[in-house]
Amino acid sequence: MAKGRIEVLEQYCKSCGLCVAACPVKVLRISEKTNAKGYRPVEQFKEGCIGCAMCATTCPDAAIEVFKIQE
Amino acid sequence: MSEVKVYERPKSWMPNVSSHYCPGCGHGIAHRLVCEVIDELGIQNDTIGVAPVGCAAMIYDYMDTDYCEAPHGRAPAVATGLKTVRPDKIVYTYQGDGDLASIGMGEIVHAANRGQNITVIFINNAIYGMTGGQMAPTTLLGQKATTCPLGRDAKVNGYPIRVSEMLATLPAPGYITRVTVAQPKYIIKAKQAIKKAFQNQVEGKGFSLVEVLSSCPTNWGMRPVEAFDWLISSMMPYYPLGDFKDFD
Amino acid sequence: MGRVLMKGTEAIAEAAIQAGCKYFFGYPITPQNEIPEYMSAHLPEVGGVYVQAESEVASINMVLGGGATGYRVMTSSSSPGISLMSEGISYIAGCEIPAVIVNVMRAGPGLGGILPGQADYLQATKGGGNGDYNLIVLAPSTLQECVDLTQLAFDLAQKYRNPVMVAADGFMGQMMEAVEIKPSPTKDQPADPTWALGFMEERGGKRSHLHSLFLAPEPLEEHNRKLQKKYGAMKAAEQRCECYHMEDAELLIAAYGTTARISRSAVNNLRAEGLKVGMIRPVTLWPYPYDAFKTIPSTVKNILVAEMNAGQMVDDVKVATGCRYPVSFYGRTGGFAPSVKEIEDECRRILAL
Ligand SMILES: Cc1ncc(C[n+]2csc(CCOP(=O)(O)OP(=O)(O)O)c2C)c(N)n1
Ligand code: SF4
Ligand code: SF4
Ligand code: SF4
Ligand SMILES: [Mg+2]
């Protein structure tokens, strides 16, 4: 399985949950933190990201950057 | 072990700004796709956008290209003026369904009918978003809106307009397609369509319109994920995806 | 090109081309159809483009987009068409886009008739569209002036980044007279890349966005302050007025456009009879030529406003003269112009009071 990693640009996240629903391996969730706008930014809460970028593809606020890890 | 970035914020997306759109609104996805396409085609310095009146009225705050405001519905006429004087520039409009299919129906039909070499991104969210959820020309039968609280009734309000199908009956426009931003698999196709619609203009082919089925979680009274589920189950049967016209 | 006999509408069209206007957007309406017809025939000869819009709503917004590139664009119409353009004109002013609009006025209200009128005076000078904005409004009274003011309109539009209206009337548009149309010295004036759209590369990647929308009150008030400052500069620098036999006049006729032409003949005839009548003729209906009204000599006892409407300029004359004179009005509507004799009779009546 391919390996990946995401970076959430927390200041832009609006906790809409679209990425959470889009992630095929269900590694995302809305966190308990709050950002400057009062939203709870999304976070990766467990291992297993495959770097597919489905989360970024669906994010209306371009709040996720995605990396693929090559062995 | 090494890392490659497979997704980053588009270059033509205004740096350091957060949009005013409600959480999970489809406008943001459509904006992002337009930015990605502008970046990939390398046309940022040559693009002039025309803003609508609607939730996307301040689109110029998010897209780092030249931009011009249009009165409600008149973006295709403004774009015609821009493109007539500057045929060397890439001119596109970004319009909602109230803007394009109601008050601006005349302007879009005639711009299409002239085969104007412009690109139109048409956001169909079946509602007047900005003014607070009134019935749009695209509101589905039975769908509730603040000005049809019991649901749209064909006898009183007529039927929702299928803009793409209607414009495709004209001989002049070249590329007319309907896509959606409801889920990643559709978003990937939506981006291909938007890219093609810009590429057509770059190649001087003529009028291209991409109708994007989008959501308005706020005025539909749904959570963002639920809104896209409703789009797929209720809007898509009435507004089928696909190409209605293509140059090739 | 020497002096040639031309119809007013065609003279306006050729003057615009000689002023470097290469893009025309319009919709047919009598009595100005010769302007779009002339443009459709002659713009291609200079590498320009004529676009027949689907409505005046569309033509003014094509002008908005075309003008946003900083190049010289125009539209022309007649009264009902200008009403439809009002929203676009307000946006053009709000977005600070240069544009030239010709109104060959006809009689109203509503569909009215196709015969001449001046009943769009208030619409042109006091608004028409929404919000605090002003147009520069130029009123020619000869065909040579149609030519000169059309060319001036392009200069002023670019100078102030503001819409400029040439308010002619059906008589001006349809009559024939000898005119000389020279290429304007500013014919090839390039677009100003500091603000015009389409020059992002030239600005080193810095974009320009033209808009009148400011949702927060502070920036909107700031925008309005900026516009008012500009209108103030126009008021200071752009008033134009002709004073004809004003120096010793006892009765002064205030008139513009075709009515001024008729009034001039009346003044000449009455002067030949030894009656001290003069004329003050605003050329800019906005900015109103207050400065010229301040020079009215102490000999003047009465002012007669003559127009092809029901008295739309009367209040401006009263304000411009500080209500120091009795102001009477003579006008015709419905497509009639006052005759020279009617104006003479009205002058005699006032002088006998
Ligand atoms: C001439 C005019 N009429 C009405 C309005 C009010 N208005 C602003 S936005 C809007 C509806 C926009 O709906 P839509 O085009 O569907 O865009 P959305 O907000 O849904 O993206 C209306 C009616 C206006 N600004 N101008
Ligand atoms: S890149 Fe793919 S796997 Fe990783 S978090 Fe995003 S959607 Fe999930
Ligand atoms: S889709 Fe974007 S805005 Fe929505 S929760 Fe995920 S990261 Fe946040
Ligand atoms: S009102 Fe609707 S369309 Fe407008 S930003 Fe909110 S969700 Fe989007
Ligand atoms: Mg809408």
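Structural remarks
- The Cα trace of segment C:310-353 gives Rg and Dmax of 11.9, 32 Å, the first to one decimal, the second as a whole number.
- The loop-placed trypsin sites (Lys or Arg not before Pro) in segment C:300-353, going by DSSP, that have at most 15 neighbouring Cβ atoms within 10 Å of their Cβ come out as C:Lys301, C:Arg324.
- Student exercise, chain C dipole from Lys, Arg, Asp, Glu Cβ charges, in Debye to nearest 20: 600 debye
- Within the protein assembly as shown, DSSP assigns beta bridges of which about 35% are antiparallel (rounded to the nearest 5).
- Within segment C:242-352, the proportion of C-alpha pairs whose separation exceeds 17 Å stands at 46%.
- Start at zero, step by 20 Å, and the Cα-Cα distances of chain C spread as 31, 56, 13, 0 percent across the bins.
- Förster radius 45 Å - calculated FRET efficiency between B:Thr169 and B:Gln134 (Cβ-Cβ, nearest 0.05): 0.95
- Shielding score for A:31-40, defined as the mean number of other chain Cβ atoms within 10 Å: 1
- Cα-Cα over 30 Å, subset of B:Lys205/C:Lys182; A:Lys37/C:Lys226; B:Lys196/C:Lys226; B:Lys83/C:Lys187; C:Lys126/C:Lys182: B:Lys205/C:Lys182; A:Lys37/C:Lys226; B:Lys196/C:Lys226; C:Lys126/C:Lys182
- Two-decimal Rg/Rh across chain B, once Rg and the Kirkwood Rh are taken from alpha-carbon atoms: 0.95
- By the Stokes-Einstein formula, at 1.567 mPa s and 4 °C, the protein assembly as shown with its Kirkwood radius over alpha-carbon pairs has D equal to 48 µm²/s.
- For C:Gly335, net neighbour charge (Lys/Arg +1, Asp/Glu -1) across residues whose Cβ lies under 13 Å away: +1
- Selection from B:His72, C:Ile97, A:Cys59 lying farthest towards where the dipole of the protein assembly as shown points positive, charges on Cβ: A:Cys59
- Range of Cα positions in segment C:1-81 per principal axis (Å), largest first: 36, 28, 16
- Charge context of C:Ser78, other residues only, Cβ under 13 angstrom, K/R +1, D/E -1: -3
- Projected label points at B:Met1 and C:Ala178, each 7 Å from Cα along the beta carbon direction, are separated by 9.4 nanometres.
- Convex hull volume of the Cα atoms of segment C:109-231, normalised per residue: 152 Å³.
- Evaluated at q = 0.13, 0.23 Å⁻¹, the base-10 log of the normalised Debye intensity for segment A:3-69, with identical point scatterers placed on the Cα atoms, takes the values -0.29, -0.90.
- For segment B:26-245, DSSP calls about 15 percent of its internal beta bridges antiparallel.
- Spatially, segment B:187-242 and segment A:21-71 are offset by 23 Å when compared through their Cα centroids.
- Against chain C, whose longest principal axis is taken from its Cα atoms, helix C:340-351 shows a tilt of about 60°.
- Cross-link partners of B:Lys155 among lysines, defined as those whose alpha carbon lies under 17 angstrom from its own and excluding same-chain residues fewer than eight positions apart: B:Lys144.
All of the numbers you see were taken from the coordinates with simple rules; none came from a lab. Values in this document were obtained by computation on a predicted structure and should not be read as measured data. As a convention, Cβ positions derive from the backbone with ideal geometry for all residues, glycine included, and neighbour counts pool all protein chains shown.
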